[in-house]
Each structure stands twice: as C-alpha cells, then as structure tokens.
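The structure under discussion appears below in the form of structure tokens.
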Amino acid sequence: MKGFLIDNSKCIGCRACMVACKQWNNLTASKPVFFSGPGYQNPRDLDANNFTLITYNELETGGRMNWVFGNRRCMHCNDPGCASACPVKALEKTPEGAVYWNAWKCIGCRYCMFACPYHIPTFEWRSANPEIRKCTMCYDRMKVGMVPSCAKVCPTGAILFGERADLVAEAESRLRNNPSAYVHQIYGKDEVGGTCVLILSEAPFDQLGYPTDLPKRSLPSYTAQAMEAIPGVVVGLGLVLGITYKLINRRGEVAAAGEKGGRA
Ligand code: SF4
Ligand code: SF4
Ligand code: SF4
C-alpha cells in the first residue's frame, strides 16, 4: 500500500505542490480573500479548487518565532469513514492505498463530508451540477507508474511517495536520529486506524490545525460494532411493538364482539 511521508520541517512554503496539483487535476486559480487567522495562507482552507493546502503559521520553535508550514490534504485513511458512509460506493479504498472518488457514481448526498474526521471532502457549492472534490493521490498517475504530481515537484523532498511500511520506517529513523528537530509523533501512523499520509512536524500538530483528539480505532469499526448490537434491539423492539399491536387489536375485537353480544 502506497502513501506519502510529509516532513513539514523540510517545507519552505514555495507552494509548488499546490500549483502542480492544480495543473494535473485541471483546477482553476483561486481569488485571494482577506481573513483573520488562524494561518496566513491563501486560500484559507481546502475547497473544490484546492486539493492540497500549505498553511502558513507563525509559531515559536527553538526559542524564537518562526514560519512553520503545515500540509493539508486527504489522509487516505486505511479504513476511510467517507467510503463507509457513502450509500452508493462512490468513494473506494483502492488496493494501492488511494481513496478514490468515482464522479459517475456520486449522488451529491454529502454524507462523506460529515463522516470524514479530517473535514476533507469539499463540495462545488457554486456549480449547477455540484460534485464532491478531494485529493485522489493522483490515482490516474499511480496507475501508470507515475509519482503523484505534488511529490514529483517538491524541491526539498518534504513530500516523499512510496510504500507505507517503508515510509513509517523512514519517519521512525528521522525521529530517532534527530529527536530535537521534531515533535515525537508520526501523525497518521495510528490515528483512526492509520492513514496512508504520514506527517512529521517541528511544532505541535494541534498548533498547525491538525485534529489531535482522534481515536486510534477506525470510525467504521465503531459503526460495525453498533450495527452488531442493533439486531437484538430491533428484534426486541419489534417483538414489543408486535405484542402491543396484537393486544390493542385484540381489545378492539373484544369490544366490537361485546357490542354485538358474541364471542371474540
Ligand atoms: S512543494 Fe514542497 S517545499 Fe514547496 S510548499 Fe509544497 S511541500 Fe513545501
Ligand atoms: S481523510 Fe477523510 S476524505 Fe480522506 S480518506 Fe479519510 S475519511 Fe476519506
Ligand atoms: S496526490 Fe495529486 S491530487 Fe493529491 S494533493 Fe498531490 S497532486 Fe494533488
């Protein structure tokens, strides 16, 4: 299974990855907007025209204020909540690792938006024929042996593409060999059952806008557990409702028979 290792400490904020992503995915430019934090990036957040976003954060690291860059995109979860919530299987976890979105299957219900713990899928609110949009790990490039465009253009090696297991080993080695350079965590290694995007950072992840209150278990595993519990409850409730219905019916029959002076 493939994935990315994103080392934010190597990012220089050039945004070549954002431009390459737009070029490959045929996304139009975005008009800058003014807003007051958090972050100094533009656009402010991911949207239907921006599948990846470099965030600009002014934070204290190493005893002084520094620019610290974050990198937001679909995390390509190992067991994705978006795919599990989609009623028509428009989102699928591919064997290669990418969570791919099939435009022709999507009915625009937006359940995937609510089910994603990273708030990633976006919607083309201004389109007459709106679609869900997000990073596909450049699945079309991957299928023909090419590297995703963001990883291809990054001039500093801040985005590595490869086998997830190798990337975990590489991240562990960086943490081991240079512990003072990083927060001691591989973000994405365990969150919500693990993701194919792994992130290293020099600043605490919550200060860069990454959700840090996520469970280790995948979200669909909670749903599966709840569904296992449902049959008993439903059967029990069905029985109670059935018996109640019978009793009420029976009372009606008895009353009606009583009025006629017969036996019910
Ligand atoms: S291309 Fe690389 S260095 Fe430039 S902003 Fe993207 S991740 Fe950072
Ligand atoms: S980050 Fe969100 S959109 Fe991406 S695979 Fe995970 S649940 Fe789906
Ligand atoms: S993998 Fe492709 S679609 Fe995803 S952020 Fe990189 S360039 Fe964009």
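The values are calculated or read from the model by the stated rules, or taken from the named source; none is laboratory data. Every value quoted in this text rests on a predicted model; they were computed, and no experiment measured them. Cβ: placed from backbone, ideal geometry, glycine included. Neighbour counts: every protein chain shown. Just the protein is used for accessible areas: all its heavy atoms, side chains included, with ligands, DNA and RNA removed. Shrake-Rupley method; radii C 1.70, N 1.55, O 1.52, S 1.80 Å.
List of remarks:
- Of all residues in the range 9-41 being open to solvent by less than 40 Å² (accessible area, probe 1.4 Å) and within 8 Å of ligand 1 (Cβ to nearest atom), the one that is nearest to residue 133 (Cα to Cα): 18
- Residue in the range 44-67 that is farthest from residue 181 (Cα to Cα), counting only those that are within 14 Å of ligand 1 (Cβ to nearest atom) and surrounded by fewer than 18 Cβ atoms within 10 Å (Cβ to Cβ): 56
- Of the criteria (1) free of Cβ contacts under 8 Å to residues at least 40 places away in the same chain; (2) in the same structural domain as residue 17 (by TED's automatic domain parsing), which one residue 142 fails: (1)
- Summed over the range 98-156, the residues that are closer than 21 Å to residue 86 by Cβ, modelled with pLDDT of 95 or more and polar (S, T, N, Q) give a count of 1.
- Candidate set: the range 1-37, residues that are β-branched (Val, Ile, Thr) and under 22 Å from residue 174 (Cα atoms); chosen: the one farthest from ligand 3 (Cβ to nearest atom): 12
- Residue 136 vs. criteria in contact (Cβ under 8 Å) with a residue 12 or more places away in the chain, under 25 Å from residue 215 (Cα atoms), open to solvent by less than 20 Å² (accessible area, probe 1.4 Å) and of a type outside the set (Lys, Arg): no
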